[in-house]
Amino acid sequence: MRLKALDPAGAIDVLAPPWVIPVYRRMPEVANAIALPFGHGDLALGARRRFARTLSRYDRAIVLPNTWKSALIPFHAGIAVRTGYRGEMRYGLLNDLRRLDEKAMPRIVERYAALAEPPGAALPGPVPEPRLRVDDDARRATLGRLGLDMAKPVAVLAPGAEYGPAKRWPARHFAELADQLAARGYQVWLVGSDKDAAITAEVRRLAHAPCVDLAGRTTLDEAIDLLSLAAHVVTNDSGLMHIAAALDRPTAAIFGSSSPDFTPPLSAHARVISLRLSCSPCFARVCPLGHTNCLVTLEPRRVLDSMNKGSDTVFEKENGE
């Protein structure tokens, strides 16, 4: 959005891992989304050099990851301007090298948006909220394929978080919330990837109300379209949280070990719910204290209350204030 504001006629392509390509396809500003043909730990220097030669047509490359490896392809492609943060000592690979001031830009969205600006220019604020497009025809087809309807308003629960259990609100809490929402006239959809199927199945088993378990049954494109139908979304700090926010759906975002100050949902209709315990955020995959109280003691009624309050940010203090 910042690049388009600075150069409305410019064409923006994105090179990214295959799993996230559907998200970039839904960004109005992106012309083409190109799948990176290398795995996460695959160095493949020769293959990267050969692939880079197919990308020599670009005038500028902006490298978002801070790794040395991520700067290789723009360098070998001979792209004239190669922008990024210093990261892993990338002198030479990048020729528009920026120094990151973490205190001045505490949120990751600001750090990335700043790379669109000319060198030395301050990032104008506020940073715009990301928005994704919805494919109406594909959405209708997905509803039909899955046998879904809109006879009742939809509450979407996203109980997964691939990073680890310290980011996952307990399944029993999601189940209790599902029962409360069903009692208020909502149909409940459980969404996630195939990696989330175990936890969505646990939520469905614990809930007394019927829940439609969609984990692993949709592509990411289809999940985006289905999330756009939600009257409410309740999610952990995960990729689906950011998608719900970018669709501007009323979202209750539950934070445990991670920090809403770093990666909050970017929507005026999103509410952050965090106990703000003295031991969090710890950014650990598994609670180092063994109790995960930042999530276990966050009761479903608090999430339901925050949903009833509208778009306010809700921070529950450790002492209940």
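The values are calculated or read from the model by the stated rules, or taken from the named source; none is laboratory data. Quick caveat: nothing in here was measured; it's all calculated off a predicted structure. For neighbour counting, all protein chains shown are included, and Cβ atoms are generated from backbone atoms with ideal geometry for every residue, glycine included. For accessibility, only protein heavy atoms count, side chains too; no ligands or nucleic acids. Shrake-Rupley method; radii C 1.70, N 1.55, O 1.52, S 1.80 Å.
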field: Restricting the range 192-203 to residues that are among the charged types (D, E, K, R) and in contact (Cβ under 8 Å) with a residue 24 or more places away in the chain, the residue that is most open to solvent (accessible area, probe 1.4 Å)
entry: 195
message: Which residue is most open to solvent (accessible area, probe 1.4 Å), if the candidates are limited to the range 111-133 and must be small (Gly, Ala, Ser) and either under 30 Å from residue 227 (Cα atoms) or not in a loop (DSSP other than H, G, I, E, B) (or both)?
response: 125
message: Among the residues of the range 71-109, what is the count of those that are of a type in the set (S, T, N, Q) and open to solvent by 30 Å² or more (accessible area, probe 1.4 Å)?
response: 1
query: Is it true that some residue in the range 288-299 is at pLDDT 95 or above and charged (D, E, K, R)?
result: yes
query: If you scan the range 6-19, which residues turn out to be free of Cβ contacts under 8 Å to residues at least 40 places away in the same chain and part of a helix (DSSP H, G or I)?
result: 18
- prompt: Can you tell me which of 35, 9 is among the hydrophobic types (A, V, I, L, M, F, W, C), under 26 Å from the mean Cα position of the chain (by Cα) and open to solvent by 30 Å² or more (accessible area, probe 1.4 Å)?
  reply: 35
- prompt: Restricted to the range 103-135, and to residues that are touching a residue at least 40 places away in the same chain (Cβ under 8 Å) and of a type in the set (Asp, Glu), which residue is nearest to residue 7 (Cα to Cα)?
  reply: 117
- prompt: What's the number of the condition residue 207 fails, among (1) over 14 Å from residue 160 (Cα atoms); (2) open to solvent by 20 Å² or more (accessible area, probe 1.4 Å); (3) of a type in the set (Gly, Ala, Ser)?
  reply: (2)
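Just to be sure, is residue 23 in contact with a Gly (Cβ under 7 Å, 6 or more places away or on another chain), modelled with pLDDT of 95 or more and β-branched (Val, Ile, Thr)?
So residue 23 fails the test.
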- line: Checked against (1) basic (Lys, Arg); (2) open to solvent by 60 Å² or more (accessible area, probe 1.4 Å); (3) closer than 30 Å to residue 62 by Cβ, residue 167 satisfies every condition except (2)
